[in-house]
Structures are given as C-alpha cells and as structure tokens.
1. If I ask for residues that are among the basic types (Lys, Arg) and in a loop (DSSP other than H, G, I, E, B), which ones from region 129-143 would you list?
2. Which pairs turn up if I take residues in region 42-54 that are farther than 17 Å from LEU112 by Cβ and at pLDDT 75 or above and look for partners that are surrounded by 14 or more Cβ atoms within 10 Å (Cβ to Cβ) and of a type in the set (Lys, Arg) with beta carbon separation below 7 Å, at least 6 apart in sequence or on another chain?
3. Can we say LEU132 is at pLDDT 90 or above and open to solvent by less than 20 Å² (accessible area, probe 1.4 Å)?
4. From the list GLY157, GLY101, which residue is closer than 19 Å to GLN70 by Cβ, modelled with pLDDT under 65 and in a loop (DSSP other than H, G, I, E, B)?
5. Quick check on LYS119: is it outside any strand (DSSP E or B), among the charged types (D, E, K, R), modelled with pLDDT under 90 and under 23 Å from GLU29 (Cβ atoms)?
6. Just to check your reading of the model, which residue among VAL125, VAL152 is modelled with pLDDT of 85 or more, in contact with a helix residue (DSSP H, G or I) (Cβ under 9 Å, 6 or more places away or on another chain), farther than 19 Å from ALA10 by Cα and buried (at least 19 other Cβ atoms within 10 Å of the Cβ)?
Amino acid sequence: MNRFIKIGEAAKILGVSVQTLRRWEMSGELLPTNKSKGKTRYYDRDKLLGKTGAGHSLTVAYARVSSYDQKDDLKRQVEVLNSFCAKQGWDFQTIQDLGSGMNYQKKGLKTLLDMILEKRMSRLVLTHKDRLLRFGAELIFALCEAKQIEIVIINKGDEVSFEEELAQDVLEIITVFSARLYGSRSRKNKKLIDAAKVLLNNDK
C-alpha cells in the first residue's frame with residue numbers, strides 16, 4: 001500500500017470533502033506532504049491515520065449536526081473542540097459529520113470506528129454525548145474502553161432531564177422518517193418537523 005496518497009483518498013480517510021482539504025491548506029491547518037510539478041497534492045497516509053508516534057497518541061475530536069440548517073452549530077462545535085484540544089496540548093484531528101444521529105453510515109463515523117477498532121488513536125473528544133449517536137453511543141464507548149481509548153465529553157455537566165431527552169429522541173425519529181418520505185429539503189418535511197417541535201415544546 002502506497003504511503004503517500006492523493007487529495008481524494010485523503011478526504012475519504014478524514015471524512016471531509018476535497019474542498020475542505022483545500023481550505024485547510026490555504027489556512028495552514030493541514031498542509032499536503034508534497035506537491036508534484038503538476039501541482040498534484042500528496043498526503044502522508046500514516047500521518048492522517050494518526051500513526052505519528054509510539055502508542056498512537058492521536059486525539060480525535062468528533063463533531064456532528066443532523067441537518068444543513070445546523071451548519072453554524074457544526075462550526076461552533078468544531079471551534080470548541082479545536083480550542084479545547086489545543087489548550088490541552090494534544091496532537092489532534094477533528095472529524096465532522098452532517099447527518100442524523102440515527103444514521104450509522106456517515107463517512108466520518110465510519111472513519112472514527114476504523115480508527116477505534118485499529119487503535120490508531122488514544123482519545124475521543126465530544127462536546128456532548130449525543131453528538132456521537134442518538135442511540136448506540138454506549139456501544140462505541142464500550143469499544144473505546146476495550147481498546148483503552150480515553151473518552152472526554154466537554155459538556156458532561158449539561159445533562160438534560162429524562163423528558164427533554166425523550167423529546168429529543170422523538171424529534172430525531174420524526175426527522176429521519178420525514179426526510180425519507182418527503183426528502184430532507186422539501187417544504188413538507190420542514191413543516192412536519194416545525195410542527196413536531198412546537199408540539200414537543202408545548203408538552204414540556
């Protein structure tokens with residue numbers, strides 16, 4: 001397997017778009033290892049996968065939102081995660097996902113699971129527990145424990161009540177099935193989700 005890979009494969013490994021990698025290059029956040037005379041970018045696969053030192057001391061920060069409407073929240077999550085990890089002095093990378101907490105096929109989540117199972121990381125950082133998955137987060141936490149991977153939840157103290165958590169779960173389920181029925185960006189889908197939010201808020 002070639003250690004040095006092109007930008008498309010690097011984007012798949014990190015669970016981001018090619019455009020994001022180009023943005024990171026411009027900002028200096030993540031630079032390609034080398035560029036050919038034809039300006040083809042090459043990245044070090046081992047570095048991207050966290051194989052940077054003894055014990056794989058890479059910290060992985062994971063951010064997720066459910067829909068395009070929450071992109072600003074995704075940016076805030078990433079800023080909080082990056083700031084937190086930098087202050088700790090950790091060698092880290094941030095994986096971003098856009099999709100339901102009930103969707104187990106998200107690119108970023110798959111990348112994270114691969115890194116956990118192959119122990120290519122030493123620590124997982126989240127802003128909140130439910131940013132990982134709405135249902136099944138405990139299973140991934142158990143995998144981390146088995147692989148001796150530390151879990152850090154920044155806002156662990158901001159626990160919601162049982163009723164609030166149940167309302168969030170119901171809304172997540174409605175969002176998933178409504179998107180499948182009407183399409184995630186359709187007016188019917190938006191109306192149904194807005195109506196569900198109003199109903200659930202009135203029941204609090």
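The values are calculated or read from the model by the stated rules, or taken from the named source; none is laboratory data. Everything numeric in this text was worked out from a predicted model, so none of it was measured. Because the Cβ atoms are built from the backbone with ideal geometry, glycine has one as well, and the counts that use them run over all protein chains shown. Surface areas here come from the heavy atoms of the whole protein model, side chains and all, with no ligands, DNA or RNA. Shrake-Rupley method; radii C 1.70, N 1.55, O 1.52, S 1.80 Å.
1. Keep residues of region 129-143 that are among the basic types (Lys, Arg), which gives 129, 131, 134.
Hit for region 129-143 is ARG134, nothing else.
2. Partner pairs satisfying both residue conditions: TYR42/LYS6.
3. On the way: at pLDDT 90 or above: no; open to solvent by less than 20 Å² (accessible area, probe 1.4 Å): yes.
No; evaluated as a whole, the condition is false for this residue.
4. On the way: GLY157 fails: closer than 19 Å to GLN70 by Cβ.
One residue alone meets the criteria, GLY101.
5. Details: outside any strand (DSSP E or B): yes; among the charged types (D, E, K, R): yes; modelled with pLDDT under 90: yes; under 23 Å from GLU29 (Cβ atoms): no.
No: the conditions fail for LYS119.
6. Going through VAL125, VAL152 in turn, the sole match is VAL125.
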